[in-house]
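One structure, as structure tokens, below. Some questions next.
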Amino acid sequence: MTKIISNLQIDSARLWDTIHETAKFGATPKGGVRRLTLGPEDKQVRDWFRGACEAAGLQLHIDALGSMFALRKGRDMSKPPVGLGSHLDTQPTGGKFDGVLGTLAALEVVRTLNDAGIETETPICIVNWTNEEGSRFAPATMASAAYAGDYATDNILARTDAAGISVGEALDGIGYRGSEAVGARKLGAFVELHIEQGPLLEAENKTIGVVDRGQGIAWYDGKVTGFESHAGTTPMPLRRDALVTLSEIVLAIERVAKAHGPNAVGTVGEAVIAAPSRNVIPGEIAFTVDIRSPSSETLDAIDNDLRSAIAEIAARRKVEIAFDAIWRKPPTVFNARLVEAVEHATKALGYSHRRITSGAGHDACNLASVVPAAMIFVPCKDGVSHNELEDATQADCAAGANALMHTVLALAGVAS
Ligand code: HGY
Ligand code: MN
Ligand code: MN
């Protein structure tokens with residue numbers, strides 16, 4: 001394993017300032033960031049990111065799904081670059097750190113190598129992946145999934161948001177539909193720094209999470225079709241109420257996830273009544289479901305139990321319930337060599353650490369199916385994320401960026 005240049009440290013204040021400078025793009029009154037993918041705020045941060053990368057001497061390339069690749073030359077350009085990065089889009093009630101830390105820490109690594117005059121043996125490449133969050137367009141991590149070959153580019157370009165705007169139209173709208181074929185820019189490895197988005201590191205007072213696995217994810221689109229009728233004249237036993245039906249489905253999801261616990265979770269994050277009115281019994285309601293577990297077998301068992309519960313509810317309430325699986329991401333096992341490189345760098349830097357499974361999905365989980373990949377976690381306050389209160393400390397962000405830098409140097413090699 002390459003010897004660590006342990007006195008080489010990133011500029012903690014510069015990283016912290018960069019995180020807070022970009023938080024203004026989509027800043028919310030509660031201190032969060034609302035920067036939905038391919039919207040105006042995403043364009044602002046992408047333009048900022050392009051400028052910062054070019055100022056750092058990087059060569060920018062954009063693929064057909066808008067993912068941004070910022071290349072730093074290495075001594076041997078015949079070798080594939082070591083990739084590092086994450087995403088800059090956020091949830092509607094997002095925070096300052098989810099995705100942003102990994103992308104801007106990658107920029108900070110480059111800035112530090114430039115300041116130190118360090119040339120790497122292989123090139124390195126920062127990546128800002130389009131639409132990691134999957135909030136405006138499903139599925140989540142769509143661009144890195146397409147890069148990994150899970151989806152054809154045209155299939156993703158045709159996905160539409162709630163307003164019927166396609167990914168392709170949104171890319172054109174912000175001027176980020178690149179010319180490079182998705183997947184054409186080969187990477188030799190990929191390392192992603194991210195906040196944990198859970199409580200374990202903070203609870204155990206650990207600075208670094210050495211991520212060796214990632215949960216599997218199953219997403220569903222559902223629709224309950226009952227019967228609109230008068231709220232005042234329809235006797236309770238005669239109702240085919242879509243919202244009451246959904247309420248039973250939500251409770252069934254909670255019950256089934258708990259039954260398959262402790263490492264299974266289930267969420268209904270969206271529910272839209274087709275024609276809401278105070279004095280009309282809801283006749284149609286669309287909803288979405290997110291199920292996760294580290295075990296594929298558990299995901300299958302939950303799928304089976306949910307379909308049985310839904311069939312019983314539909315028959316008893318005389319309604320139709322559509323329940324369509326739209327995305328299945330199998331559990332991830334990260335590359336053992338890279339996980340060891342993260343652990344070696346973390347130990348050499350003297351940071352407390354533990355192995356950890358990622359509860360959240362990440363672009364690195366897709367990359368792991370085509371190149372050696374690994375992740376580095378740092379704690380976030382109270383384990384909270386996908387919430388405007390999301391917070392982390394400057395010291396932990398710097399520690400994560402240092403672990404990222406020394407892992408990347410170990411993989412890329414130092415030429416001079
Ligand atoms: O949903 C996820 O796990 C990711 O944070 N987008
Ligand atoms: Mn993220
Ligand atoms: Mn997220």
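The values are calculated or read from the model by the stated rules, or taken from the named source; none is laboratory data. Nothing here was measured: the structure is a model prediction, and the numbers come from that model. Note: ideal-geometry Cβ built from the backbone for every residue, glycine included; neighbour counts use all protein chains shown. In case anyone asks, the SASA skips ligands and DNA or RNA and just uses the protein heavy atoms, side chains included. Shrake-Rupley method; radii C 1.70, N 1.55, O 1.52, S 1.80 Å.
Among the residues of segment 53-99, write down those that are part of a loop (DSSP other than H, G, I, E, B) and aliphatic (A, V, I, L, M). Reasoning before the result, please.
Just the residues of segment 53-99 that are part of a loop (DSSP other than H, G, I, E, B), to begin with: 56-58, 64-67, 73-81, 87-93, 95-99.
Those that are part of a loop (DSSP other than H, G, I, E, B) and aliphatic (A, V, I, L, M): ALA56, LEU58, ALA64, LEU65, MET77, LEU88.
Do we find that VAL268 is within 16 Å of ligand 1 (Cβ to nearest atom), under 29 Å from ILE356 (Cα atoms) and open to solvent by 20 Å² or more (accessible area, probe 1.4 Å) in this structure? Let's see the steps before the verdict.
Numbers: within 16 Å of ligand 1 (Cβ to nearest atom): yes; under 29 Å from ILE356 (Cα atoms): yes; open to solvent by 20 Å² or more (accessible area, probe 1.4 Å): yes.
Spelling it out, VAL268 is indeed within 16 Å of ligand 1 (Cβ to nearest atom), under 29 Å from ILE356 (Cα atoms) and open to solvent by 20 Å² or more (accessible area, probe 1.4 Å).
While we're on this one: Quick check on my filter: what residues within segment 223-268 are outside any loop (DSSP other than H, G, I, E, B), polar (S, T, N, Q) and within 24 Å of the chain's Cα centre (by Cα)? Can you show your working first?
Pass one, segment 223-268, residues outside any loop (DSSP other than H, G, I, E, B): 223-225, 229-230, 236-238, 242-259, 265-268.
Next, only the ones that are polar (S, T, N, Q) stay: 225, 229, 245, 247, 267.
The answer is THR267, and nothing else.
Taking ARG111 as the residue in question, decide whether it is more than 16 Å from ligand 1 (Cβ to nearest atom) and open to solvent by 20 Å² or more (accessible area, probe 1.4 Å). Outline the logic, then answer.
Values: more than 16 Å from ligand 1 (Cβ to nearest atom): yes; open to solvent by 20 Å² or more (accessible area, probe 1.4 Å): yes.
Against the criterion (more than 16 Å from ligand 1 (Cβ to nearest atom) and open to solvent by 20 Å² or more (accessible area, probe 1.4 Å)), ARG111 qualifies.
Could you list, in sequence order, the residues of segment 358-416 that are over 23 Å from VAL109 (Cα atoms), within 16 Å of ligand 3 (Cβ to nearest atom) and of a type in the set (Val, Ile, Thr)?
Hit for segment 358-416 is VAL384, nothing else.
Can you find a residue in segment 301-316 that is touching an Asp or Glu at 6+ places or on another chain (Cβ under 6 Å) and assigned by TED's automatic domain parsing to the domain that holds ASP221? Please lay out each step first, then the result.
Applying the first criterion (touching an Asp or Glu at 6+ places or on another chain (Cβ under 6 Å)) to segment 301-316 yields 313.
In the following step, the residues that additionally are assigned by TED's automatic domain parsing to the domain that holds ASP221 were identified as 313.
Yes - at least one qualifying residue is present in segment 301-316.
Let me ask something additional. Given ALA140, ALA146, which one is within 21 Å of LEU84 (Cα to Cα), in contact (Cβ under 8 Å) with a residue 40 or more places away in the chain and within 16 Å of ligand 3 (Cβ to nearest atom)?
Working: ALA146 fails: within 16 Å of ligand 3 (Cβ to nearest atom).
One residue alone meets the criteria, ALA140.
Of all residues being more than 28 Å from ASN387 (Cβ to Cβ) and part of a loop (DSSP other than H, G, I, E, B) in segment 132-176, which is farthest from ligand 1 (Cβ to nearest atom)? Just the residue, please.
For segment 132-176, the residue satisfying everything is GLY175.
Continuing with this model, one more query. Looking only at segment 305-314, decide whether some residue is open to solvent by 50 Å² or more (accessible area, probe 1.4 Å), within 28 Å of GLY359 (Cβ to Cβ) and touching a residue at least 12 places away in the same chain (Cβ under 8 Å).
Filtering segment 305-314 for residues open to solvent by 50 Å² or more (accessible area, probe 1.4 Å) gives 305, 307-308, 311-312.
Among the residues that remain, those that are also within 28 Å of GLY359 (Cβ to Cβ) are: 305, 307-308.
Those left that are additionally touching a residue at least 12 places away in the same chain (Cβ under 8 Å): 305, 307.
Yes, segment 305-314 contains a residue that is open to solvent by 50 Å² or more (accessible area, probe 1.4 Å), within 28 Å of GLY359 (Cβ to Cβ) and touching a residue at least 12 places away in the same chain (Cβ under 8 Å).
Scan THR93, THR103 and give me the residue that is open to solvent by less than 10 Å² (accessible area, probe 1.4 Å) and not aliphatic (A, V, I, L, M). Give the derivation first.
Numbers: THR93 fails: open to solvent by less than 10 Å² (accessible area, probe 1.4 Å).
Exactly one residue qualifies, and that residue is THR103.
Let me ask another. Can you name the number of the only condition in (1) open to solvent by 10 Å² or more (accessible area, probe 1.4 Å); (2) within 16 Å of ligand 3 (Cβ to nearest atom) that THR160 fails?
Against the list (1) open to solvent by 10 Å² or more (accessible area, probe 1.4 Å); (2) within 16 Å of ligand 3 (Cβ to nearest atom), THR160 comes up short only on (2).
Turning to a different aspect of this structure: Go through segment 107-137 and give me each residue that's more than 14 Å from ligand 3 (Cβ to nearest atom) and of a type in the set (Asp, Glu).
GLU108, ASP115, GLU119, GLU121
Results for (1) modelled with pLDDT of 95 or more; (2) crowded, with 21+ Cβ neighbours inside 10 Å, shown as yes or no for each residue.
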{"site": "ILE4", "(1), (2)": "no, no"}
{"site": "ASN7", "(1), (2)": "no, no"}
{"site": "LYS24", "(1), (2)": "yes, no"}
{"site": "ALA27", "(1), (2)": "yes, no"}
{"site": "ASP47", "(1), (2)": "yes, no"}
{"site": "PHE69", "(1), (2)": "yes, yes"}
{"site": "LYS73", "(1), (2)": "yes, no"}
{"site": "MET77", "(1), (2)": "yes, no"}
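I'm trying to understand the selection: among the residues of segment 271-309, which are over 12 Å from PHE323 (Cα atoms), in a helix (DSSP H, G or I), away from ligand 1 (no atom under 16 Å from the Cβ) and aliphatic (A, V, I, L, M)?
Listed by number, the residues that qualify are ALA301, ILE302.
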